[in-house]
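Comments concern the structure below.
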Amino acid sequence: MKSSEYGLLLNKARKGKYSNFQDMVYLIRYVTRTNGKPDNDLITWGGIGVAEFTGTEGMTRQFEDVQKMHRGKGKFGRYVDHEIYSCSSVEERHIKEKRIDVDKIARKMAYDFYERDHCQVVYGAHTKDSGNDCIHIHFVINSVNFTTGNKRRENMRQTRERQDRFRQILKEEIEK
């Protein structure tokens, strides 16, 4: 596939974003579509580093437990990071034609955060909606590393590298 045929990873982190506990609660419910708003665009949801069977409330508590390890000075800052991988129309066509398991792709991508950043992740894959034209996967990433208690930091280069890894994950599934 040509580079223009790959999806994009959008990092929604910015100063002041997701900086109170309720922002985290809302985002997890939004991504898993358990926020009480009727949207019929949910394909799948899950988590890495959290017990999914506890539902969104349990996963939120698990995020909070890890966040309590953080002993930074001053305000807590971001509770979570929010990233979205938006499939290209070509990737979406391949997913549909080859009946590729979107949960498998999303789980592999979420595991990338877990493995590299040692952060818990909740993901939700959605079909087209008002903000995206193609299948897209939301990732809610705990901002606290569960092994060190330090806050997660990511720059643009790291986001681009993650985007390349996500593209590779999808490419490998398409080529199977």
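The values are calculated or read from the model by the stated rules, or taken from the named source; none is laboratory data. All of these numbers come straight from a predicted model, not from anything done at the bench. No Cβ is skipped: glycine too gets one built from the backbone with ideal geometry, and neighbour counts run over all protein chains shown. Note: areas computed on protein heavy atoms with side chains; ligands, DNA, RNA excluded. Shrake-Rupley method; radii C 1.70, N 1.55, O 1.52, S 1.80 Å.
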Which listed residue is more than 16 Å from Gly124 (Cα to Cα), modelled with pLDDT of 95 or more and not in a strand (DSSP E or B), from Arg78, Arg71, Arg61 | Arg61
When you go through (1) more than 25 Å from Tyr30 (Cβ to Cβ); (2) open to solvent by 60 Å² or more (accessible area, probe 1.4 Å) one by one for Ile174, which number turns out not to apply?
-> (2)
Report yes if Ala110 is part of a loop (DSSP other than H, G, I, E, B), within 23 Å of Thr159 (Cα to Cα) and either open to solvent by less than 30 Å² (accessible area, probe 1.4 Å) or aliphatic (A, V, I, L, M) (or both), otherwise no.
-> no
The lone condition Ile28 fails out of (1) in contact with a strand residue (DSSP E or B) (Cβ under 8 Å, 6 or more places away or on another chain); (2) on the phi > 0 side of the Ramachandran plot is (2)
Kindly indicate the residue of the range 45-87 that is small (Gly, Ala, Ser) and surrounded by fewer than 20 Cβ atoms within 10 Å (Cβ to Cβ) and also farthest from Ile169 (Cα to Cα) among those meeting that condition.
-> Gly74
Please state which one of Leu9, Leu42 is open to solvent by 40 Å² or more (accessible area, probe 1.4 Å) and closer than 20 Å to Glu83 by Cα.
-> Leu42
Search result, residues across the range 113-137 that are surrounded by fewer than 23 Cβ atoms within 10 Å (Cβ to Cβ) and small (Gly, Ala, Ser) | Ser130, Gly131
Which is more than 18 Å from Met109 (Cβ to Cβ), at pLDDT 90 or above and outside any loop (DSSP other than H, G, I, E, B), of Thr34, Thr54?
-> Thr54
List every residue pair whose Cβ atoms sit under 6 Å apart, with the two residues 6 or more apart in sequence or on different chains, where the first one lies in the range 30-59 and is without any contact (Cβ under 8 Å) to a residue 24 or more places away in the chain and the second, anywhere, is surrounded by 15 or more Cβ atoms within 10 Å (Cβ to Cβ) and not in a loop (DSSP other than H, G, I, E, B).
-> Thr34/Thr56; Asn35/Arg29; Glu52/Gly46
